[in-house]
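The values are calculated or read from the model by the stated rules, or taken from the named source; none is laboratory data. A quick note: this is a predicted structure, and the numbers were derived from the prediction, not measured. Cβ atoms come from the backbone with ideal geometry, glycine included; neighbour counts cover every protein chain shown. Surface accessibility is based on the protein's heavy atoms, side chains included, excluding ligands, DNA and RNA. Shrake-Rupley method; radii C 1.70, N 1.55, O 1.52, S 1.80 Å.
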Amino acid sequence: MTVFPGSRPAPCPQPGCGWAEKGAERTRVLLGDEHAIVQALCLHHDPYEDVIALDGGGYLDLATLNRNLVKELAAGADRDRLSVTVKDGDWVFGSTLVDTALTTNGLTAGQLPTRPFCPQVVTDTGAKLSKSLIRDGQASLPAGSAPWMLDTRMWPGSLSEYTDRLLEMAAIFLSDPRHFFRSYSAGELGRLMPQSTRSVTTP
């Protein structure tokens, strides 16, 4: 069994915990033929071990770039299914790093995934709208935005009305490719959403 010190962390398996060292400073991964054993230290539950295997519940806590690499490699492994990866506009440059990692793993240029990029939602300052920062209280809702943009349950109308207006806005974006080469403020999205004029039949 091969030991890799300082590898990616695995969360503490104690129910309701999920602690994981961000830098994996005290984490060791013992690599076997079909599984890996992660040994780490939880500040709440002391040392722990977790088994990472295809039939197990453990998992490695990967950084965003690593997660994208693993997901796209897994999606591309099924040659009988067309997998489409859609990303936000802020991932345009990050995807070049993923493509470099994919070619390092043996993919040719013709095998790299084609990714459509959605318009990026920004605040009135031009910064990316971060829902997680707003939820954590580290940022406030920008001007022109509404609570339902963070929690769709707070939409003031019915579910079918929300679906109608969301589809209407998507139709506006899809009507011209130029719409995908710009960013939209939260206020502009709020202005576009109430302008639905068509009805969508729902089962």
>> Show the residue pairs meeting these rules: Cβ distance below 7 Å; 6+ apart or different chains; first residue within the stretch 159-183 and among the basic types (Lys, Arg); second residue open to solvent by 60 Å² or more (accessible area, probe 1.4 Å).
In response: Arg165/Pro194
> Restricting the stretch 107-124 to residues that are more than 16 Å from the chain's Cα centre (by Cα) and loosely packed, with under 15 Cβ neighbours inside 10 Å, which is modelled with the lowest pLDDT?
Replying inline: Asp124
> What number goes with the only condition from (1) modelled with pLDDT of 85 or more; (2) of a type outside the set (D, E, K, R); (3) open to solvent by 50 Å² or more (accessible area, probe 1.4 Å) that Trp155 does not pass?
Replying inline: (3)
> Of the residues that sit in the stretch 130-147 and are part of a helix (DSSP H, G or I) and touching a residue at least 12 places away in the same chain (Cβ under 8 Å), which one is least open to solvent (accessible area, probe 1.4 Å)?
Replying inline: Ile134
> Taking the stretch 63-95 as the search range and keeping residues that are within 25 Å of Val121 (Cβ to Cβ) and not in a helix (DSSP H, G or I), which one is modelled with the lowest pLDDT?
Replying inline: Ala63
>> Checking the condition exposed (fewer than 14 other Cβ atoms within 10 Å of the Cβ), free of Cβ contacts under 8 Å to residues at least 60 places away in the same chain and in contact with a His (Cβ under 9 Å, 6 or more places away or on another chain), which residue from Ala127, Ala77, Ala53 passes?
In response: Ala53
